[in-house]
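Colleague: I'd like to ask you about the structure that follows.
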Amino acid sequence: MNNAYVRELLADHSSNPRNHGTLPDPDIVERVDNPQCVGPTHPEGDWISVSLTVSDKEPRVIESVRFEGAGCTLSQAATSLLTQQMEGTELQEIRSWDREFIEQQVGMDLTPARLQCAELVVRAVRQGEFNE
C-alpha cells in the first residue's frame, strides 16, 4: 500500500476517530493499557476502553461498538479502523483476529512494539466478559 496514503489514513482516523464514545447499556466493557508506548500526549502509555452490544442469539454478532482512549496515532487510528470492521461481525471471529489481519487493516507491517499499539481493541474484546 502507498506509504503516503497509509500515513494520511492513520492521521485521519487518529484525528477523527470513528465509533468514538460510549454506549448506554453495553454487553461488554473492557479497558486495556499499553504502558510501553509513552509520549508527550500520553505519558502513562496508550489505553482504550471499548463497549459493545452483542446480539442475543448464537452466533453472537456485534451490533454496536464505541471506544474511548488516548495514546499514539497508531493505537487510536487502528482502534478506529478495527471498530468499523466489528459491527456485524461475530464476536468469536473478532477474538481470532491476528497480526496478519491487523496489518492488513492498518496497511503496514508492524514490529512487535507497534503491534502492541495496534491490537489494543482486539485484546479488549478477547478479555471482555459478556454480561448476559
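Colleague: For THR73 and LEU9, compute 0.36 nm times the residue count separating them, minus their Cα-Cα distance, and round to one decimal in nm.
Modeller: Extending this stretch completely gives an extra 22.0 nm.
Colleague: Still on this structure: So what is the calculated 222 nm ellipticity per residue for the chain, using -39500 (n - 2.57) for each DSSP H run with n of 4 or more, over all residues, to the nearest 500 deg cm²/dmol?
Modeller: -12000 deg cm²/dmol
Colleague: Considering only protein heavy atoms and a probe of 1.4 Å, how much of the accessible area of the chain is carbon and sulfur, as a whole percent?
Modeller: Numbers: 3150 of 7060 Å².
For the chain, the apolar C and S fraction of the accessible surface comes to 45 percent.
Colleague: Could you compute how much accessible surface THR41 exposes when probed at 1.4 Å, giving the result in Å² to the nearest 10?
Modeller: 110 Å²
Colleague: Turning to a different aspect of this structure: Output wanted: per-residue J couplings in Hz (rounded whole) for the stretch 54-61, from phi through Karplus 6.51 cos²θ - 1.76 cosθ + 1.60, θ = phi - 60°, x for Gly and Pro.
Modeller: Coupling constants for the stretch 54-61: 10, 4, 7, 9, 7, x, 5, 10 Hz.
Colleague: Given ALA124, THR22, ALA4, which one lies farthest toward the positive end of the charge dipole of the chain, if we put +1 on the Cβ of every Lys and Arg and -1 on the Cβ of every Asp and Glu?
Modeller: Going by the Cα projections, it comes out as ALA4.
Colleague: In addition: Starting from the exponent 0.38 and prefactor 2.2 Å, build the expected Rg for the chain from its residue count and divide its actual Cα Rg by it.
Modeller: 1.00
Colleague: Using r as the Cβ-Cβ distance of GLU44 and ASN16, and R0 as 35 Å, what FRET efficiency do you calculate, to the nearest 0.05?
Modeller: On the way: r = 23 Å, r/R0 = 0.67.
It comes to 0.90.
Colleague: Which of the trypsin sites (Lys or Arg not before Pro) found in the stretch 1-79 are in a DSSP loop and have at most 13 neighbouring Cβ atoms, other than their own, within 10 Å?
Modeller: LYS57
Colleague: If I model the stretch 27-105 as equal point scatterers sitting on the Cα atoms and use the Debye formula, what is log10 I(q)/I(0) at q = 0.13, 0.15, 0.20 Å⁻¹?
Modeller: Treating every Cα as an identical point scatterer, log10 I(q)/I(0) equals -0.43, -0.56, -0.92.
Colleague: Top to bottom by accessible area (1.4 Å), largest first, where do GLU93, GLU103 land?
Modeller: From most exposed to least exposed: GLU93, GLU103.
Colleague: Another question about this same structure. Using the heavy atoms of the protein chains and a 1.4 angstrom probe, tell me the accessible area per residue for the chain in square angstrom.
Modeller: Result: 54 Å² of accessible area for each residue.
Colleague: Right, something else. For the stretch 67-132, with only Lys/Arg (+1) and Asp/Glu (-1) charged at the beta-carbon, what is the dipole magnitude about the Cα centre, in debye rounded to 20?
Modeller: 240 debye
Colleague: Rounded to whole Hz and in sequence order, give me ³J(HN,Hα) for the stretch 84-99 from the Karplus expression 6.51 cos²θ - 1.76 cosθ + 1.60, θ = phi - 60°, writing x for Gly and Pro.
Modeller: With the stated coefficients, the stretch 84-99 comes to 4, 7, 6, 4, x, 9, 5, 4, 5, 5, 4, 5, 9, 4, 10, 3 Hz.
Colleague: How many nm is it between the label spots at GLN127 and ASP109, if each spot is 7 Å from the Cα in line with the beta carbon?
Modeller: 2.9 nm
The values are calculated or read from the model by the stated rules, or taken from the named source; none is laboratory data. The structure displayed is predicted, hence computed values, not measured ones. We place every Cβ from the backbone using ideal geometry, glycine too, and count neighbours over all the protein chains shown. Just the protein is used for accessible areas: all its heavy atoms, side chains included, with ligands, DNA and RNA removed. Shrake-Rupley method; radii C 1.70, N 1.55, O 1.52, S 1.80 Å.
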